[in-house]
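The values are calculated or read from the model by the stated rules, or taken from the named source; none is laboratory data. Quantities reported herein were computed from a predicted structural model and do not represent experimental measurements. Here the Cβ positions follow ideal geometry from the backbone for every residue, glycine too, while neighbour counts run over all protein chains shown. Protein only, heavy atoms only, side chains kept; ligands, DNA and RNA dropped before computing areas. Shrake-Rupley method; radii C 1.70, N 1.55, O 1.52, S 1.80 Å.
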Amino acid sequence: MQRQRSILSFFQKPSPTPACQGSGSGEAAEGGGSQRFPMKKMECEGDVSMLSADRAVTISPDEVRGTDTPPEKVPRRVLSSGVTAGEAAGGASSLFSSIMHKFVKVDDRESAGDRCRAADVSSDVSSVSLKANGLQECRPNNGQPLERDPVFSFSETADGRSVGDTSVDDDVLGPETPGMRPILPRLKRVQEDRLMFGDNERSLVASNKRLKLLQDPICEEKGKGNDVDGGSKFEWLDSSRIKDANGRRPNDPLYDKKTLYIPPDTLQKMSASQKQYWSVKSQYMDVVLFFKVGKFYELYELDAEIGHNELDWKMTVSGVGKCRQVGISESGIDDAIQKLVARGYKVGRMEQLETSEQAKARGANSIIPRKLVQVVTPSTASEGNIGPDAVHLLAIKEVQVGIENSSTVYGFAFVDCAALRFWVGTISDDASCTALGALLMQVSPKEVVYESKGLSREAQKALRKYTLTGSTAVQLTPVLQITDNMDACEVKNMIQTNSYFRGSSESWNCVLDGLTNCDIALTALRRLISHLSRLKLEDVLKNGDILPYQVYRSCLRMDGQTMVNLEIFNNNFDGGLSGTLYKYLDNCVTPTGKRLLRRWICHPLKDVGSIKNRLDVVEEFLSNSEIMKVSGQYLQKIPDLERLLGRIKASVQSTASLLPALLGKKMLKQWLKAFGRLVKGLRSGMDLLLLLQKESHLTSLLCKVCKLPELVGKDGLELFLSQFEAAIDSDFPNYQNQDMTEENAETLAILIELLIERAAQWSEVIHALSCIDVLRSFAVTATLSVGSMAKPVIFPESKSTSHDQDRKGPILKIRGLWHPFAVAADGQLPVPNDILLGEDRCSSRHPCSLLLTGPNMGGKSTLLRATCLAVILAQLGCYVPCETCELSLVDTIFTRLGATDRIMTGESTFLIECTETASVLQNATQDSLVILDELGRGTSTFDGYAIAYSVFRHLVEKVQCRLLFATHYHPLTKEFSSHPRVTLQHMACAFRSRTGHQSSSSDQELVFLYRLTEGPCPESYGLQVALMAGIPDRVVETASEAARAMKRLVGENFRTSEQRSEFSSLHEEWLKMLVGISRIEEDAIEEEDLYVTLLCLWHELKLSCRSHSS
């Protein structure tokens, strides 16, 4: 019926009285709906048109108020575009002929938005007045160009001028959100229209009235000056005039893209609903803002374009102030918001705080109040299909504390709104930004908030680098610098005054006081609080739990680049999870377990006792497969308890009581459902814990890993939980979909308060269940492995006593190591290899450094990555893919793998090599594990060799860490062949004939054996690999001849290396020391010191001889 009345209103004859009413969406409660013309008998004579939203008609300002339903839509044109003007206008003998031109069929290439915008041209060329006989007449405004009024209303101005359109470009400068980007398909359609119709006629269809307007020379001249391309008609939205709220233009460094300047006189002339909308929108230009009108939600102007392009909604010219709009009924708003948020938009909702009936009760002309009640962003979403991964919003602050050494401190604060948890902390870093990279990889934020002028160039590069590693884009939000700088005490007072973090498990004062560089951390926290307040998330701030966060908290350190190189969370192919350590270990059943697994991978343990405790639980699961199976069945019944508890905590003293009744009831219904699911989920978890308590040995092992609260007894949680189950069954039997009344809403509030009283204990239960899930996942990983898995033996970090002979150095001894992800498609395992570095606790001492050579594609990089992954798995408390594994604790893993550049950050391949290597040389210790792959290949041969030589020698002789160094610089094997701290090995290969019998060398095919073999590889066989890659034989033959010629020429430069196979660089140092001692005068050094020096030298030579003889 509504649609029928809409169509009938189109045919109605306009009233001759000047007080005729339009279909504007105003705010007066009177009528409760859109004003329509009174129905009259249709007259057949003349040209009858609909009052479109962009016509300049006489409308009283009071008559656009009080609309609670969406305005009428423009009827669809259905006839062929081939209807001529003469056919449309000639002969007013029939009703059909008089209105036929109004239903001209639009060309298929026009979109719905183009059809709507085609009707806007008449407002650009003339004003329209209503005649007493019901016909509309074109007036050229006395030959003068029509003056424009920027008011967002289409009533006449005080001096009688008509309001016109103002066309602007589509690419309006504004916030850098997905909706602000240029819309190329739409621009393409505009260009096509120009080719079809010309500059003045591109949006005109065959219409009798429009043809007459085009024939008018004055209107034609005006049409040339108004290039309507479907953009906004408001001058203050034009890209050439747009300003922020402070009047700054986009070229101003302090320009705020989140705000919009609207001229005060324009704002004053707006209707009540227009003021409501634009007063909020001007402060939230980065937000897609839904405006509630009756039972519909509408988007206007720039936001309407987003709805049209992203959700394929039909755009009309109507709504608040007769502007471009799209809309949806209130039943579909939640789905629409989720779709827009999933595509990276921030979405807000302006709600009506009362109904039209309530407004009428206050007075006939009462305004329906509206308020921005919700802003949902990709980084703060807590409902819908957000997945099991934590959703983090990060705020960061950079402060330079050392000019000479480029020392930098970063204060940071981040939040998981779904779990209602905040973290705050600081990190110290250098120009390489490795610690900042580790923070970004660990937190994996959806959005990063930072001061636009407060980050150094290096930090901005790190942001772009480490936020582009995943499969989804991270939103970077630069904000203006805070002018009123608060010190630490003022920030704390602000937190105290607003009652923030009252849900914290420990005093937030204690958390903040325990931070290093507390002032910097509080600055970042204040920025985060300000951002959340703007998004209307006061409930999150008030009920959130704040915790300290340490990037390297007594754990195996891995910087951001190491996580990227080892593909810990994202692969280097498409940024997905396939082929990553996280994917390999993720056999978790619960969402909380998956999130805990990620946190554990970010912080492998560095305590022997803690590692053994985890390994013991995993071993117990492996030895008792029935317990592992049953626990998995219980875990499958458990929902996301962490987020459910967070949602329930957020409902305590929530601002939802201030929402309108309809929205408030909806929130209560959601809280009831969350409360019921939380209670039922806790029951499943409690049953699992009670079951495991019957296994006394397993329970005692679990208590060493996580804290288990008291479950049974008078004060036990089991009895306490059963009371909530009884309340749910009696008062809310249909809690999944039960309507709320005032009585049961009060009951729910009491139950929630009682449950939250033990929130800390419930959190302990949830953490214990998550630990069980992760440790069970480790056991499942070992069970499902296609190769051998071993429980690692962990030794403490290397220790030195006062006597060198008692010195225990680092060790890494792995037998039968294979890469856990490098399993072939047919299930065939990689070739296992043995790694032995450092001092064997049971036998002789071995070198700590491995110089690895071998052919291209021979498996060198795979072996290096497998070694690192084995160390990480061992210190996680997981079984290792090998036959046996012994290692002393590793404090840091450094990697320099692959050859990549980062064009977007202005970094070349060689610069990246040197940057990563510099971090190794500056931070590596004796207990570190260093992996260097083909260092120096990004520059010339001689420069690259020189850098590789010097770096390798420094790590071998000065740092003395566990080192795997893969290279194609074969002269290095000659330089270090006799070095007592270096072992030479290579990845084996062989040749076989392609024809099956002995033939020339060109007929030999290179076969990779992927087996680690003693000694150096004679060459890298790059030409054979080139043939395998498909390079033509003729080209390879030419390359072979060139290679032989270069070997003869270049060989002279390395002739000394050939002669030094039995004389290493360390021997050189010993010789220099002896020569230096011989030159010392007798009185220049005490005899005792001289003897000590010679004794040390003798001892070192003795150890070297022993290692060679063994």
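Express in nm, to one decimal, how much length is gained between Gln636 and Ser554 on full extension, taking 0.36 nm for each residue of separation and deducting their alpha carbon distance.
Length difference between fully extended and current span is 26.2 nm.
Please list Trp278, Trp508 in order of solvent-accessible area, largest first, computed with a 1.4 Å probe with all protein chains present.
Descending order: Trp508, Trp278.
In terms of solvent-accessible area of protein heavy atoms at a 1.4 angstrom probe, what is the ranking of Arg1048, Arg324, Arg845, highest value first?
Arg1048, Arg845, Arg324
What's the ranking of 981-992, 874-885, 509-520 by average number of surrounding C-beta atoms within 10 Å, highest first?
Ranking the peptides 981-992, 874-885, 509-520 by packing returns 874-885, 981-992, 509-520.
Give me the accessible area per residue for region 554-664, probe 1.4 Å, as a whole number in Å².
39
Eigenvalues of the Cα gyration tensor times 5, then square-rooted: what semi-axes does that give for region 236-301, in whole angstrom, largest first?
Equivalent-ellipsoid dimensions as semi-axes: 23, 14, 9 Å.
Based solely on C-alpha atoms, express the radius of gyration and the Dmax of region 473-559 in angstrom.
14.3, 40
Tally Lys and Arg at +1 and Asp and Glu at -1 over the other residues with C-beta under 14 Å from the C-beta of Glu383: what net charge comes out?
Counting the neighbours of Glu383, the net charge comes to +3.
So what is the relative contact order of region 412-537, in percent, for Cα pairs below 8 Å that sit 6 or more residues apart?
Once normalised by length, the contact order is 30 percent.
I'd like the accessible area for Thr408: 1.4 Å probe, protein heavy atoms, all chains in place, Å² to the nearest 10.
10
Less than 12 Å Cβ to Cβ from Val780, Lys/Arg counted +1 and Asp/Glu -1: what total charge do the surrounding residues give?
Spelling it out: positives minus negatives among the neighbours equals 0.
Going by average Cβ density within 10 Å per residue, which order do the peptides 689-696, 916-923, 434-441 take, highest to lowest?
Per-residue mean Cβ counts within 10 Å order the peptides as 434-441, 916-923, 689-696.
Using alpha carbons only, what's the Rg to Rh ratio of region 595-707 with Rh from Kirkwood?
A ratio of 1.12.
Could you sort the peptides 1037-1044, 416-423 by per-residue average Cβ neighbour count (10 Å cutoff), highest mean leading?
Highest-to-lowest ranking by the protection proxy: 416-423, 1037-1044.
Looking at region 254-297, which trypsin sites (Lys or Arg not before Pro) are DSSP coil and have at most 15 other C-beta atoms within 10 Å of their C-beta?
In loop regions of region 254-297 (DSSP not H, G, I, E or B), the sparsely surrounded trypsin sites (Lys or Arg not before Pro) are Lys295.
Given C-alpha coordinates of region 722-782, what is the ratio Rg to Rh with the Kirkwood estimate of Rh?
Here the Rg-to-Rh quotient is 1.19.
First obtain the Kirkwood hydrodynamic radius of region 488-613 from its Cα pairs, then insert it into the Stokes-Einstein equation at 25 °C and 0.890 mPa s, and state the resulting D in µm² per second as a whole number.
D = 141 µm²/s.
In Å and from the alpha-carbon atoms only, list the Rg and Dmax of region 349-478.
Looking at region 349-478, its Cα Rg and Dmax stand at 20.8, 72 Å.
So, in Å, what gap is there between the alpha-carbon centers of region 307-343 and region 730-792?
Here the two parts' Cα centres lie 37 Å apart.
Does region 252-345 come out rounded, prolate or oblate by the C-alpha gyration tensor, with a ≥ b ≥ c the root eigenvalues, rounded set by a/c under 1.5 and, if not, prolate when a/b is larger than b/c and oblate if not?
It is oblate, given that a/c is not under 1.5 and a/b is not larger than b/c.
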